[in-house]
1. What tally of residues in the range 152-171 results from selecting those that are within 15 Å of the chain's Cα centre (by Cα) and either at pLDDT 95 or above or surrounded by fewer than 15 Cβ atoms within 10 Å (Cβ to Cβ) (or both)?
2. Scan the range 124-151 for residues that are within 15 Å of residue 96 (Cβ to Cβ) and either in contact (Cβ under 8 Å) with a residue 12 or more places away in the chain or surrounded by 14 or more Cβ atoms within 10 Å (Cβ to Cβ) (or both) and jot them down.
3. Go through the range 1-46 and count every residue that is part of a loop (DSSP other than H, G, I, E, B) and either in contact (Cβ under 8 Å) with a residue 40 or more places away in the chain or surrounded by fewer than 19 Cβ atoms within 10 Å (Cβ to Cβ) (or both).
4. What single numbered condition from (1) surrounded by 18 or more Cβ atoms within 10 Å (Cβ to Cβ); (2) over 27 Å from residue 149 (Cα atoms) fails to hold for residue 99?
5. Does residue 54 meet the test of being within 21 Å of residue 129 (Cα to Cα), surrounded by fewer than 16 Cβ atoms within 10 Å (Cβ to Cβ), in contact with a strand residue (DSSP E or B) (Cβ under 8 Å, 6 or more places away or on another chain) and at pLDDT 95 or above?
6. Which residue is surrounded by the fewest Cβ atoms within 10 Å (Cβ to Cβ), if the candidates are limited to the range 107-123 and must be within 20 Å of residue 48 (Cβ to Cβ) and modelled with pLDDT of 95 or more?
7. Can you name every one of the helices (runs of 4 or more DSSP H) wholly within the range 59-171 that holds 1 or more residues which are within 24 Å of residue 2 (Cβ to Cβ) and in contact with a helix residue (DSSP H, G or I) (Cβ under 6 Å, 6 or more places away or on another chain)?
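The values are calculated or read from the model by the stated rules, or taken from the named source; none is laboratory data. Computed from a predicted structure; not experimentally measured. Cβ placement follows ideal geometry from the backbone for every residue including glycine, while neighbour counts extend to all protein chains displayed.
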């Protein structure tokens with residue numbers, strides 16, 4: 001996996017639930033991932049998606065993605081071609097959905113605390129080396145546990161659907 005370079009966007013909240021990430025009113029609409037991306041965090045801030053460029057990262061607090069298990073709350077970030085999400089912690093369902101959709105999610109408390117402590121951490125440059133578990137930002141380096149085992153295999157395949165196709169084809 002290549003290093004990902006982007007900017008930081010802060011959602012300085014804990015318990016950011018899936019309804020806030022992707023409003024429930026869109027759950028049963030048939031939308032492409034790109035269309036879903038335009039709904040990302042709109043209840044947090046109207047047109048939030050307009051801030052995000054390809055490979056940008058969301059930085060947030062604890063228990064990101066709590067609430068329902070809807071995959072749209074992950075797919076919307078994929079539709080934006082986000083670099084991923086860095087949080088103090090994720091709900092287990094959200095974390096697993098992210099792996100299954102190949103969205104990079106990183107738990108790194110010290111990094112989040114550092115960004116939250118800055119007067120303005122928004123739009124800082126960031127480089128993430130997911131393979132080696134390193135975040136570079138603001139002249140500092142932060143280590144994290146990279147994916148391993150089957151989770152890494154699923155992520156590297158591009159998600160659970162592609163991983164399963166490959167496994168079945170190899171039988």
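1. 1
2. So the first thing to find is which residues in the range 124-151 are within 15 Å of residue 96 (Cβ to Cβ), and the list is 147-151.
Passing the criteria: 147, 151.
3. Within the range 1-46, the subset part of a loop (DSSP other than H, G, I, E, B) is 1-3, 12-16, 22-23, 27-32, 38-46.
Add one more test, that the residue is either in contact (Cβ under 8 Å) with a residue 40 or more places away in the chain or surrounded by fewer than 19 Cβ atoms within 10 Å (Cβ to Cβ) (or both), and what stays is 1-3, 12-16, 22-23, 27-32, 38, 40, 42-46.
Going through the range 1-46 one residue at a time, the tally reaches 23.
4. The failed condition is (2).
5. Details: within 21 Å of residue 129 (Cα to Cα): yes; surrounded by fewer than 16 Cβ atoms within 10 Å (Cβ to Cβ): yes; in contact with a strand residue (DSSP E or B) (Cβ under 8 Å, 6 or more places away or on another chain): yes; at pLDDT 95 or above: yes.
Yes: the conditions hold for residue 54.
6. 116
7. Qualifying helices (runs of 4 or more DSSP H): 72-79, 92-101, 149-157, 160-169.
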